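The values are calculated or read from the model by the stated rules, or taken from the named source; none is laboratory data. Just so it is clear, the model here is predicted, and its values are computed rather than measured. A quick note on method: Cβ atoms are made from the backbone with ideal geometry, for glycine too, and the neighbour counts reach across all protein chains shown. Keep in mind that these areas ignore ligands, DNA and RNA; they rest on the heavy atoms of the full protein, side chains included. Shrake-Rupley method; radii C 1.70, N 1.55, O 1.52, S 1.80 Å.
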Amino acid sequence: MTGKFLNKKTVRDFKFAVISDPHIAVPETILDHPSRFHLVEVSIPALEAALAHLAQLDLDFLLLPGDLTQHGEPANHEWLADRLTKLPFPAYVVPGNHDVPVAIADKKSIGLADFPYYYRQFGYQNPEQLYYSHEVLPGVRLIGLNSNQFDENGKQLGRMDLQQLRWLQGVLEQVTPEEQVMVMIHHNVLEHLPGQSQHAMGQRYMLDNAPTLVEMLQQAGVQLVLTGHLHVQDVASDHGIYDITTGSLVSHPHPYRVFHYRTDKEGQHCLDICTHRIEAVPGWPQLLELSREWMGDRSHPFMMQLLMASPLNLPKSQAEILAPTLRYFWADIACGDGSFDFPEFPPQVRRYFQSFSAGGNSQNGDRADSPQFGARDNHGTLVLSNLA
């Protein structure tokens, strides 16, 4: 393994990878929904391709921040758990909304409390608890959180319950200044799209009580949060916290990330970010092109909804005229590092879509792609505060 720890000033050097939202579906479980954006048909070969590459990199560990399965099917959880046991490096997971779609197991899906029992070797040493804190390397702590809850009517919510928040507070109080702490959770904790926390289409991808979690992490000096769920490549920042969300392995552009945490000659801690893509798998030689068209073919109703919702509130007749121009808009958003301008659109509509360009979503003046931070959505370096 590559992890090196030279102590004194907590000099660290380690590598890890993130594969998010692989939506594993063994062939007999594949469900065909005409409107779905992700290609679960390639879930297993895409994962195998990514793992084959990662096996060559001498990684210290792999993180999978949720939506591990198509829809929580026991067979898919069993397949993935077994596959992860064969890796040459440790892996750690947390549940996504697709992994535990029901509170109590039914004929199709596992229940929320069942999840840790499938992944006892991948973070859940205590399977009675849906969250964990684990020292993945000397001086490096991973906190895996559960962002799935259900209301009294059985509706799934993206939020952390009070018991988990109290547990987390206790864990953070025990963190020493010498430890590097990373948090993994499925739902976004910072906005990755303009107005995401307030927009009807975007807020479902965010943690309902994200401000509470963010405040706790800021007070504890935790800077790195790894998320998924949104199926886009993006790095968002807010007063020293970075929410690095990774796109889905089964959705255009089929990305995964490799990170190198290092300490430079001046003792400054840095995180190098490198994105890779699955461009082809057996039977799908032009996967990137096909998945972009696949997404474009299904984009019209979503673009109509975006145009007609707040803040644009366009009438349906005008939205119908503009929507075809936005055929590839979401596919390009998913790629990260996008620059958007539709000069033929009315001025207020043009400005709105320009705001989706890379760097336009960071909060409170912290731009994750500015020279101050030196990072963009796919490749770059985060310069982290030296808290030691």
Inset, instruction - Could you tell me which numbered condition Ile44 fails, if it satisfies all but one of (1) touching a residue at least 60 places away in the same chain (Cβ under 8 Å); (2) out of contact with any helix residue (DSSP H, G or I) (no Cβ under 7 Å at 6 or more places or on another chain)? - result: (1)
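Considering only segment 210-241, how many residues are under 29 Å from Leu39 (Cβ atoms) and either in a strand (DSSP E or B) or not aliphatic (A, V, I, L, M) (or both)?
Result for segment 210-241: 10.
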Legend entry - Yes/no for Pro95 being in a loop (DSSP other than H, G, I, E, B), modelled with pLDDT of 95 or more and surrounded by fewer than 22 Cβ atoms within 10 Å (Cβ to Cβ): no
Legend entry - Test: residue in segment 84-91 that is part of a loop (DSSP other than H, G, I, E, B), closer than 30 Å to Pro177 by Cα and open to solvent by 10 Å² or more (accessible area, probe 1.4 Å): yes
Inset, instruction - Filter segment 54-69 down to residues that are under 16 Å from the mean Cα position of the chain (by Cα) and in a loop (DSSP other than H, G, I, E, B), then give me how many there are. - result: 4
Inset, instruction - Sort out which residues of segment 49-73 are free of Cβ contacts under 8 Å to residues at least 40 places away in the same chain and under 20 Å from Gln121 (Cβ atoms), and write them in order of number. - result: Leu51, Ala55, Gly72
Legend entry - Residues of segment 146-183 satisfying the condition of being crowded, with 20+ Cβ neighbours inside 10 Å, closer than 14 Å to Val222 by Cα and not β-branched (Val, Ile, Thr): Leu168, Gln180, Met182
Inset, instruction - Could you look through segment 253-297, keep only residues that are in a loop (DSSP other than H, G, I, E, B) and of a type in the set (A, V, I, L, M, F, W, C), and pick out the one that is surrounded by the fewest Cβ atoms within 10 Å (Cβ to Cβ)? - result: Ala280
Inset, instruction - Inspect segment 345-367 for any residue being open to solvent by 30 Å² or more (accessible area, probe 1.4 Å), assigned to a loop (DSSP other than H, G, I, E, B), more than 22 Å from Arg262 (Cα to Cα) and modelled with pLDDT of 95 or more and give the result as yes or no. - result: yes
Inset, instruction - Go through (1) in contact with a helix residue (DSSP H, G or I) (Cβ under 9 Å, 6 or more places away or on another chain); (2) surrounded by fewer than 19 Cβ atoms within 10 Å (Cβ to Cβ); (3) assigned to a loop (DSSP other than H, G, I, E, B) and name the single condition Val250 misses. - result: (2)
Inset, instruction - Those residues that are of a type in the set (Gly, Ala, Ser) and in a helix (DSSP H, G or I), I need them from segment 26-53; list them, please. - result: Ser43, Ala46, Ala49, Ala50, Ala52
Legend entry - Unique match (being farther than 24 Å from His98 by Cβ, part of a helix (DSSP H, G or I), open to solvent by 30 Å² or more (accessible area, probe 1.4 Å) and among the hydroxyl-bearing types (Ser, Thr, Tyr)) among Ser339, Ser310, Ser317: Ser317
Legend entry - Checking Leu190 against (1) in contact with a strand residue (DSSP E or B) (Cβ under 8 Å, 6 or more places away or on another chain); (2) open to solvent by 30 Å² or more (accessible area, probe 1.4 Å); (3) assigned to a loop (DSSP other than H, G, I, E, B), the condition it does not meet: (2)
